[in-house]
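Encoded as structure tokens, the structure appears first; notes follow it.
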Amino acid sequence: MTALRGNDVATLRWINSRAVLTELMHSADVPLSVTELASRIELSRPTVEAALTDLVTEEWVVEATGQSQPHRAGRPARHYSFNAAAGLVMGIDIGPHSIVGLLTDLSGTVLHEVRRHDLDLASGDAAMTAILDAVAAAVDAVGTSVSRIRVITVGVPAIVSNDGEIALTTVVPDWLLSGIPERIRAAFPGSITFFDNDAKLATLAEAEWGAASGTQTALFILAGRRIAAGLIVNGQLMRGTRGAAGEIGALQGVGWATSFARFSDRISASHDADSGTAPGLEAVMIAAVAGDEPARAVAAGFAEDIAEGVAALILTIDPEVVVIGGGCARAGDTFLAPLRAALEPLCIYTPPLVASSLGSKAVALGAVARSLDHMRNEVLALGLS
């Protein structure tokens, strides 16, 4: 047997520490003893103890307190757990009219949620102010500082290249012109900052925690003021060569680009001008669920307007499920039933249609998932052991 050199021993010790850390992260709710860890990952007690010494020093692991061992004599076994408080991550969903921010620990537990609606964030300056305010409000609410945020991921209504750069947006062009990505990175120099397409982040969230969890092939439709899509194929989010996979709305023939304008026209036509401002999309969907016939007709018309683009994507990937998110998800089957009826003559196979259970937090949750993925794979290097 060849003897390990000094650097080989150090590498092996590092690999063992990653194995211990992975097991503790998987058992986040249950602290584990040295004996339990050694049994689960099939390493010797001295090896596990050495790994734990390193991880405690690095502050990724803490010794758990209050672990009782009834009816056992002698010194109680020490138990260890992943230190989810070793840092914070933030997921932000920002669009031209709203911002949602989620601050979480390293286990993904949400510590604070920031939500602002009915805003005008079309300009880069307004968007930048909203992001700064959201981050400040979140850290203030939990009594910490921005310096503890290790990763921030921002979901945007734009095509984002595979290297994380905002490549194109017709929704908020001033964000690019005013250098929003560079300004955000400069505002948070102690954090790693990522950008991603909002629909793709929502798709990640659905695959991780929502209606697409456990599927190998799924289609997510973000249906609200704008229509966008995300695709899961073979269990992976499809991005495409330049990050533009699923951008079927660019085809004028499918009508996605003008669907909300037609929705607004229907609202205006059915709304009594003397009763004040016409209701917004979510209000219409809520009214439709409550049985309001004009609202149900408007919701059905909107479903029919987006059906052709949805059908094209169904025919492309043959998904197990289609998840509807955005404001239209509020209507549940009141929206899904007319959409299903419109899809059936267009599709060879019509998959089940379900409303997102993640609601308006889907994009921000996907941004959290992206941030945590970076922590696991790049900072903690769990994918390299």
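Bear in mind these aren't lab numbers, they're just calculated from the coordinates by the rules spelled out. Because the structure is a prediction, the values reported are computed rather than measured. Using ideal geometry, Cβ is built from the backbone for each residue, glycine included, and neighbour counts are taken over all protein chains shown.
So, in the stretch 278-296, how many residues would count as being assigned to a helix (DSSP H, G or I) and either surrounded by 16 or more Cβ atoms within 10 Å (Cβ to Cβ) or among the acidic types (Asp, Glu) (or both)?
Residues in the stretch 278-296 being assigned to a helix (DSSP H, G or I) and either surrounded by 16 or more Cβ atoms within 10 Å (Cβ to Cβ) or among the acidic types (Asp, Glu) (or both): 12 in total.
Please indicate, with yes or no, whether at least one residue in the stretch 284-306 is within 21 Å of residue 205 (Cβ to Cβ) and either basic (Lys, Arg) or in contact with a Gly (Cβ under 7 Å, 6 or more places away or on another chain) (or both).
Among the residues of the stretch 284-306, at least one is within 21 Å of residue 205 (Cβ to Cβ) and either basic (Lys, Arg) or in contact with a Gly (Cβ under 7 Å, 6 or more places away or on another chain) (or both), which makes the answer yes.
State whether the residues of the stretch 125-139 include one that is more than 22 Å from residue 379 (Cβ to Cβ), surrounded by 15 or more Cβ atoms within 10 Å (Cβ to Cβ) and more than 22 Å from the chain's Cα centre (by Cα).
Yes: one or more hits.
With respect to the numbered conditions (1) in contact (Cβ under 8 Å) with a residue 12 or more places away in the chain; (2) in a helix (DSSP H, G or I); (3) not hydrophobic (A, V, I, L, M, F, W, C), which one is the sole condition not fulfilled by residue 164?
Result: residue 164 passes all but (2).
Which residue is surrounded by the most Cβ atoms within 10 Å (Cβ to Cβ), if the candidates are limited to the stretch 222-239 and must be free of Cβ contacts under 8 Å to residues at least 60 places away in the same chain and among the small types (Gly, Ala, Ser)?
Looking at residues that are free of Cβ contacts under 8 Å to residues at least 60 places away in the same chain and among the small types (Gly, Ala, Ser), I get 230.
Name the helices (runs of 4 or more DSSP H) wholly inside the stretch 173-260 in which the number of residues that are touching a Pro at 6+ places or on another chain (Cβ under 7 Å) is 1 or more.
Answer list for the stretch 173-260: 198-209.
All but one of (1) over 30 Å from residue 10 (Cβ atoms); (2) part of a helix (DSSP H, G or I); (3) without any contact (Cβ under 8 Å) to a residue 24 or more places away in the chain hold for residue 329; state the number of the condition that does not hold.
(3)
Tell me whether the stretch 359-380 contains one or more residues that are of a type in the set (Asp, Glu), outside any helix (DSSP H, G or I), surrounded by fewer than 16 Cβ atoms within 10 Å (Cβ to Cβ) and on the phi < 0 side of the Ramachandran plot.
Checked against the condition, which is being of a type in the set (Asp, Glu), outside any helix (DSSP H, G or I), surrounded by fewer than 16 Cβ atoms within 10 Å (Cβ to Cβ) and on the phi < 0 side of the Ramachandran plot, the stretch 359-380 yields no hits at all.
Name the strands (runs of 3 or more DSSP E) wholly within the stretch 20-119 that hold at least 1 residues that are within 32 Å of the chain's Cα centre (by Cα) and aliphatic (A, V, I, L, M)?
Here the list reads 61-64, 88-94, 99-105, 110-116.
Of the conditions (1) in contact with a helix residue (DSSP H, G or I) (Cβ under 9 Å, 6 or more places away or on another chain); (2) at negative phi, residue 179 clears all except one; give me its number.
(2)
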